[in-house]
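The values are calculated or read from the model by the stated rules, or taken from the named source; none is laboratory data. Owing to the predicted nature of the structure, the values given are computational and were not obtained by experimental measurement. Positions of Cβ are generated from backbone atoms using ideal geometry, with glycine treated the same way; all protein chains shown enter the neighbour counts.
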Amino acid sequence: MDTQEMIELCKQHSMYTWTASGAVNPIPIERAEGIFMYEPSGKRYYDFNSQLMSVNIGHGHPKVKAAMKAQIDQLLYVFPGTATEVRARVSKKLAELLPGDLNTFFYALGGAEANENAIKAVRQYTGRQKIISRYRSYHGATNATMQLTGDPRRLANEPGGPGFIKVMDPWPYHYSFGETEEEITARNLLYVEEVIMYEGPDKIAAMFVETVTGTNGVLPPPKGYLKGLKAILEKYGILLVCDEVMAGFGRTGKLFAFEHFDIIPDVVTFAKGITSSYIPLGVMAVSDPIAQYFKENVFWGGLTYNSHALSLRTAEAVIDVMLEEEMLENATRLGSVMRSEMDRLQAKHPSVKEGRCLGLFGMVDLRKNSAGERMAPYNGTSEAMQKLGAFFRDNGLFTFIRWGSFMCNPPLCITEEQLLECFAIIDRGLDITDQYFEG
């Protein structure tokens, strides 16, 4: 098909996400391999965002494709009430890989479905209805997970169901809870505990957090935050749910981001990287007490595609590739290189406010003056950011511009040489935003 015809037909007959479809300018993609994707013309892009922070092992890994083909020839789909060998193998593997007593799994088709079922599970298990989440968060686009979500995408989907409580992240957008990480943690946790008091501790089922906040800043928690939060929640019998849809499966240099912070949550949700997005899969992992409850009581949740054989075989192959090829170790090692490059760009370009990363999970914030005012407002854009995005696209770097920031989330198979090539493109692009720096 002619490339322009392909673009026009996609725009004419399909709806695009989070945009007016008539305004979208899609990149035409014919194939993808490793850290690269290609237009039909042959133009190559570095995939510096792993698509939606999800193609963690890189595109088109031959071992995973071979496993998928083998599963197609064996078994594609049976209803969720069956037992299959691949379901048994993957469940055993995950129980071995997850720390603590997170040994039981509910399989869905994405992160939003995993979180949706986690909402059901914590409410049914505790008999409570209220749920706390944070303003700087994204938990999915179903009706209930939009109410969990704090970022502006929820606004057009309100009003939703009752019982959803929002609190501030320990890193508010404009202000600070303190000067040091210890002060920030202590003051935020005092505030969260006061909100719990106001809302009635015996009415709150759980608190959902992205272990590392994703699209709303790539924000690792300050020192002691998650451990302190878990202690407060336990004090009131409130469950902690860690949303690892974006931060999980190697992105931070560990299989699960909560492993950095010396806690074991009651529930973990994950998706994206578990299949490297080769096929949809989402997972809710629950602790042994919750699992035991649902052995004795009905779990009122179900999905046609629960435990889909092809999805699970893909996950099994992706996990094997990630571990055998030491991608977690690569993410840790190259995370230090990314940190160094961010520091170099901040020293060189006045428009760089700061960069953050944990493993290969990163974001760079831009500023338009020395007071630190963002290069684009909250939930907005600016001419400078639009020009930067156009420069990245023209120069073959695919990543996401988010308000006054841009993301740095390459596949975990990237080499140091390739990572530095990407930052060389970014370096040139920042000359554009420097022109908008007001001093």
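Restricting attention to the stretch 255-296, the residues that are among the aliphatic types (A, V, I, L, M) and assigned to a loop (DSSP other than H, G, I, E, B) add up to 6. Annotation note: of GLY237, GLY214, GLY200, the sole residue that is more than 20 Å from LYS254 (Cα to Cα) and touching a Ser or Thr at 6+ places or on another chain (Cβ under 9 Å) is GLY237. Check the stretch 142-150 and report whether any residue there is crowded, with 21+ Cβ neighbours inside 10 Å, at pLDDT 95 or above, assigned to a loop (DSSP other than H, G, I, E, B) and of a type outside the set (Phe, Trp, Tyr). Checked the stretch 142-150: at least one residue is crowded, with 21+ Cβ neighbours inside 10 Å, at pLDDT 95 or above, assigned to a loop (DSSP other than H, G, I, E, B) and of a type outside the set (Phe, Trp, Tyr). Restricting LYS235, LYS223 to residues that are surrounded by fewer than 22 Cβ atoms within 10 Å (Cβ to Cβ), at pLDDT 95 or above, touching an Asp or Glu at 6+ places or on another chain (Cβ under 8 Å) and farther than 18 Å from ASN409 by Cβ narrows the list to LYS223. Among the candidates ARG393, ARG356, ARG428, ARG339, which residue alone is part of a strand (DSSP E or B), charged (D, E, K, R) and in contact (Cβ under 8 Å) with a residue 12 or more places away in the chain? So the residue among ARG393, ARG356, ARG428, ARG339 that is part of a strand (DSSP E or B), charged (D, E, K, R) and in contact (Cβ under 8 Å) with a residue 12 or more places away in the chain is ARG356.
The set of residues from the stretch 181-219 being of a type in the set (Asp, Glu) and without any contact (Cβ under 8 Å) to a residue 40 or more places away in the chain comprises GLU183, GLU193, GLU194. Residue under question is THR304, and the condition is that it be in the same structural domain as MET284 (by TED's automatic domain parsing) and either aliphatic (A, V, I, L, M) or in a helix (DSSP H, G or I) (or both); does it hold? Answer is no for this residue.
Quick check on ARG87: is it in contact (Cβ under 8 Å) with a residue 40 or more places away in the chain and either outside the structural domain of GLY140 (by TED's automatic domain parsing) or under 30 Å from TYR293 (Cβ atoms) (or both)? Considered against the rule, which asks whether it is in contact (Cβ under 8 Å) with a residue 40 or more places away in the chain and either outside the structural domain of GLY140 (by TED's automatic domain parsing) or under 30 Å from TYR293 (Cβ atoms) (or both), ARG87 comes out as yes.
Kindly indicate whether any position in the stretch 367-384 is at pLDDT 95 or above, assigned to a helix (DSSP H, G or I) and on the phi < 0 side of the Ramachandran plot. Within the stretch 367-384, one or more residues are at pLDDT 95 or above, assigned to a helix (DSSP H, G or I) and on the phi < 0 side of the Ramachandran plot. As a summary of the residue check, ALA331 satisfies the conditions (1) part of a helix (DSSP H, G or I); (2) under 24 Å from the mean Cα position of the chain (by Cα); (3) hydrophobic (A, V, I, L, M, F, W, C); (4) under 27 Å from LYS43 (Cβ atoms) except for the one numbered (4).
Looking at GLY389, is it over 19 Å from TYR46 (Cα atoms), under 25 Å from the mean Cα position of the chain (by Cα) and modelled with pLDDT of 95 or more? Spelling it out, it is not the case that GLY389 is over 19 Å from TYR46 (Cα atoms), under 25 Å from the mean Cα position of the chain (by Cα) and modelled with pLDDT of 95 or more. Summed over the stretch 398-425, the residues that are among the hydroxyl-bearing types (Ser, Thr, Tyr) and either over 27 Å from ASN379 (Cα atoms) or part of a strand (DSSP E or B) (or both) give a count of 2.
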